[in-house]
Amino acid sequence: MHTPYQARLGRIPNFRVKYRFKSEVEGGRKSLPYQGIRCDFSYDEGNSLFMIWPEFEDEHRNIILNADIPVPSAGTALMWIMNPESIPFHQEKIQIGTTGFFREGANIIAECEVMMFRLINSSDKHSHHQNCYTFTLPDKATFE
């Protein structure tokens, strides 16, 4: 059973993406990953990797809690910037429509596009409404 990152970290996710895993023929994985994969994130195909982890959602935007079955090949994921001190850097890059990649080392395993984001300019988990930048597309989920 997957424990949601919000419960583990005591804060909200930084952004949401729509993603698509590459097939093995496209140079992707041989099999789909499971919830809890700790792949890196990159903005391009270069060597700059960031510790930003996905948390996959089902078709109703609920976090997938079953860690014993592969995640969908395409869908949405909440994204967690694991180093809060790097948020100002990502604030300059992330906006609706920003594209990126899920990475396992040099291997690009998925493509993604930012759907909504909320970057918190503070590592204080109790003041998450200070210095927030929120942009959302219409859907049932919010980052409140």
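The values are calculated or read from the model by the stated rules, or taken from the named source; none is laboratory data. Nothing here was measured: the structure is a model prediction, and the numbers come from that model. Cβ coordinates were reconstructed from backbone atoms using ideal geometry, including for glycine residues, and neighbour counts include every protein chain displayed.
Among the residues that make up segment 28-37, is at least one of them part of a loop (DSSP other than H, G, I, E, B), free of Cβ contacts under 8 Å to residues at least 24 places away in the same chain, in contact with a Ser or Thr (Cβ under 8 Å, 6 or more places away or on another chain) and farther than 21 Å from residue 115 by Cβ?
no
For a quick check of your reading: which strands (runs of 3 or more DSSP E) sit entirely within segment 47-127 and have at least 3 residues that are modelled with pLDDT of 90 or more and among the aliphatic types (A, V, I, L, M)?
Working: elements: 52-56, 74-81, 99-104, 107-120.
Correct list: 74-81, 107-120.
If you scan segment 73-120, which residues turn out to be under 14 Å from residue 28 (Cβ atoms) and surrounded by 15 or more Cβ atoms within 10 Å (Cβ to Cβ)?
Looking only at segment 73-120, we keep the residues that are under 14 Å from residue 28 (Cβ atoms), and these are 73-74, 101-112.
Residues satisfying the conditions are 101, 102, 103, 104, 108, 109, 110, 111, 112.
Within segment 1-17, count every residue that is among the aliphatic types (A, V, I, L, M), under 18 Å from residue 84 (Cβ atoms) and either modelled with pLDDT of 95 or more or surrounded by 15 or more Cβ atoms within 10 Å (Cβ to Cβ) (or both).
Residues in segment 1-17 being among the aliphatic types (A, V, I, L, M), under 18 Å from residue 84 (Cβ atoms) and either modelled with pLDDT of 95 or more or surrounded by 15 or more Cβ atoms within 10 Å (Cβ to Cβ) (or both): 1 in total.
Filter segment 38-69 down to the residues that are in contact (Cβ under 8 Å) with a residue 40 or more places away in the chain and aliphatic (A, V, I, L, M), then identify the one that is surrounded by the most Cβ atoms within 10 Å (Cβ to Cβ).
Result: 64.
Quick check on residue 20: is it of a type in the set (D, E, K, R) and either surrounded by 14 or more Cβ atoms within 10 Å (Cβ to Cβ) or assigned to a strand (DSSP E or B) (or both)? So that I can check it myself, show each step before the final result.
Details: of a type in the set (D, E, K, R): yes; either surrounded by 14 or more Cβ atoms within 10 Å (Cβ to Cβ) or assigned to a strand (DSSP E or B) (or both): yes.
So residue 20 fits the description; yes.
Applying the selection to segment 74-100, what residues are closer than 13 Å to residue 112 by Cβ and either without any contact (Cβ under 8 Å) to a residue 40 or more places away in the chain or of a type in the set (Ser, Thr, Tyr) (or both)?
76, 97, 98, 99
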